[in-house]
Amino acid sequence: MGAVRETLDAVRLVDHHCHGTVAADLGRDAFESLLTEGEAWPGISPFDSPAGVAVRRHCAPLLDLPRHTPAEEYLARRSELGRREVQRRFLRAAGTDVFCVDTGYAPDPLTTPREIAEAAGGTSYEVVRLEGVAESVQTAGVEPDAYADTFRTAALEAVRRPGVVAVKSVAAYRTGFDLDPARPSEVEVTEAARRWFARGGRLDDPVLVRHLLWTAVDLGLPLQLHTGFGDSDIRLHRADPARLTDWLHLTAGTIPVLLLHCWPYQRQAAYLAAVFERVYLDVGLTLHHVGPARAGGVLAEALEITPFRKLLYSSDAYGVAEFFHLGALAFRQGLAELLQGRVDADELSLPDALRIARWTGRDNALRVYRLEADGPEDD
């Protein structure tokens, strides 16, 4: 093991974007549905995917099973231990001290930020999903001409809760980034709200999504944006972060913008981070889906031109605790191989490589979110 890997293994990670795990014991169908961003197809098991293979290879030993154990034996042992013990083992193995938890997506009851922190022996913070705030305003009932002010007030109340450190938008899912970058007028917002209220459903009006993004700027907290890879609800070609360029010009110098996941657009995200002072990126979610074997390739593309203070770590773990462990493992292994290779080729000094490893795994997130590792753990 090289010096870079030893350093990365010792770094207590900051997972700047993740979710809770399902707060129930999972049968095979439910577990397999959480292994994939796609749908379960008859006769095709998500265990027969890069993520499924990585679970059997790298997670089985933490359940006292041999590497590559069959799926049936893996699930039987998982059930025998129970979800709380499984979560404790994988969260402790991840070596993560700090979790920034997106609480805005919960089709099933999930563990809370506090429960994640307690299982890991670390600290948790909350990320507020702004689409959820907007939809709560709409559900509660408000006149269209009062929507903008009511949403702003509700968003301010949400971000003032103890432990909230950032906001997030899933505009990539709702409209994509082919949006007029300008702040919409009050008249435009009122008319769009009128249309939305008459139609109902989730927030997917382009004017109101623009209004949401500009409200995020006004709130002043770091803004996380889903980009790239996601489930079938997304239109991938519209989730290219480069489509945000004009909006980033208009908002330059305001808030930090964190581009999440990015694959297959990690190079476009790297360009944005290289040319805009307050743009950052990660390749979370991607890493546990490609597995440790390919993590280095994804990270290499992300780091081709990204300033070293601009790349952060996230797992984007959701639903199953295995993804906290796999995300951390793939990140450490992939980044160590990349940096050690540059050291061995005399393209990077060892002190620089060790500094980059600590920045990326921990220090960059602490700086951007102004976090204290032993801060609040409020739900």
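The values are calculated or read from the model by the stated rules, or taken from the named source; none is laboratory data. Predicted, not measured: the structure shown is a model, and the values here were computed from it. Neighbour counts run over all protein chains shown; Cβ positions are idealised from the backbone, glycine included.
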(message) Tell me yes or no: at least one residue of segment 8-17 is surrounded by fewer than 20 Cβ atoms within 10 Å (Cβ to Cβ) and in contact (Cβ under 8 Å) with a residue 24 or more places away in the chain.
(response) yes
(message) Of everything in segment 36-56, what is surrounded by 16 or more Cβ atoms within 10 Å (Cβ to Cβ), at pLDDT 85 or above and either hydroxyl-bearing (S, T, Y) or not in a helix (DSSP H, G or I) (or both)? Give them in sequence order.
(response) T36, P46, F47, S49
(message) Going by what's in this entry, would A216 be described as surrounded by fewer than 17 Cβ atoms within 10 Å (Cβ to Cβ) and not in a strand (DSSP E or B)?
(response) no
(request) Please work out which one of (1) touching a residue at least 40 places away in the same chain (Cβ under 8 Å); (2) farther than 30 Å from R84 by Cα; (3) surrounded by 18 or more Cβ atoms within 10 Å (Cβ to Cβ); (4) out of contact with any Ser or Thr (no Cβ under 8 Å at 6 or more places or on another chain) is the condition V343 fails and give its number. (result) (4)
(message) Against the definition (in contact with a Cys (Cβ under 9 Å, 6 or more places away or on another chain) and not basic (K, R)), how does E115 come out, yes or no?
(response) no
(request) Find all pairs meeting these conditions: Cβ atoms under 8 angstrom apart; at least six residues apart or on different chains; first residue within segment 300-318 and free of Cβ contacts under 8 Å to residues at least 60 places away in the same chain; second residue of a type in the set (S, T, N, Q) and not in a loop (DSSP other than H, G, I, E, B). (result) E301/Q266; A302/Q266; F308/T360; R309/N364; K310/N364; L311/T360; L311/N364
(message) With the requirement that a residue be within 21 Å of S185 (Cα to Cα) and part of a helix (DSSP H, G or I), what does segment 219-244 give you?
(response) L219, L244
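Could you tell me whether segment 301-315 includes any residue that is modelled with pLDDT of 95 or more and part of a helix (DSSP H, G or I)?
yes
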(request) Quickly run through segment 160-195 and pick out the residues that are in contact (Cβ under 8 Å) with a residue 60 or more places away in the chain, not hydroxyl-bearing (S, T, Y) and not in a loop (DSSP other than H, G, I, E, B). (result) V165, A166, K168, A172
(request) Test L26 against the criterion of being part of a loop (DSSP other than H, G, I, E, B), touching a residue at least 60 places away in the same chain (Cβ under 8 Å) and either surrounded by 15 or more Cβ atoms within 10 Å (Cβ to Cβ) or of a type in the set (A, V, I, L, M, F, W, C) (or both), and give yes or no. (result) yes
(message) When the residues of segment 73-108 are narrowed to those that are touching an Asp or Glu at 6+ places or on another chain (Cβ under 8 Å) and surrounded by fewer than 17 Cβ atoms within 10 Å (Cβ to Cβ), which ends up nearest to F31 (Cα to Cα)?
(response) S79
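Under the condition of being outside any helix (DSSP H, G or I) and out of contact with any Asp or Glu (no Cβ under 9 Å at 6 or more places or on another chain), which residue from segment 265-300 is surrounded by the fewest Cβ atoms within 10 Å (Cβ to Cβ)? Talk me through it step by step, then tell me what you get.
Going residue by residue through segment 265-300, those that are outside any helix (DSSP H, G or I) are 265, 276-285, 291.
Pick out the ones that are also out of contact with any Asp or Glu (no Cβ under 9 Å at 6 or more places or on another chain) and you get 276-281, 291.
Details: F276: 18, E277: 11, R278: 18, V279: 25, Y280: 25, L281: 29, G291: 22.
The residue in question is E277.
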(message) Please verify whether A140 is within 16 Å of H211 (Cα to Cα) and either at pLDDT below 95 or surrounded by fewer than 17 Cβ atoms within 10 Å (Cβ to Cβ) (or both), treating the condition exactly as stated.
(response) no
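Can you name every one of the helices (runs of 4 or more DSSP H) wholly within segment 63-141 that holds 2 or more residues which are within 30 Å of T190 (Cβ to Cβ) and more than 20 Å from the chain's Cα centre (by Cα)? Can you show your working first?
On the way: elements: 71-81, 83-94, 113-120, 130-140.
In segment 63-141, 130-140 are the helices (runs of 4 or more DSSP H) which contain 2 or more residues that are within 30 Å of T190 (Cβ to Cβ) and more than 20 Å from the chain's Cα centre (by Cα).
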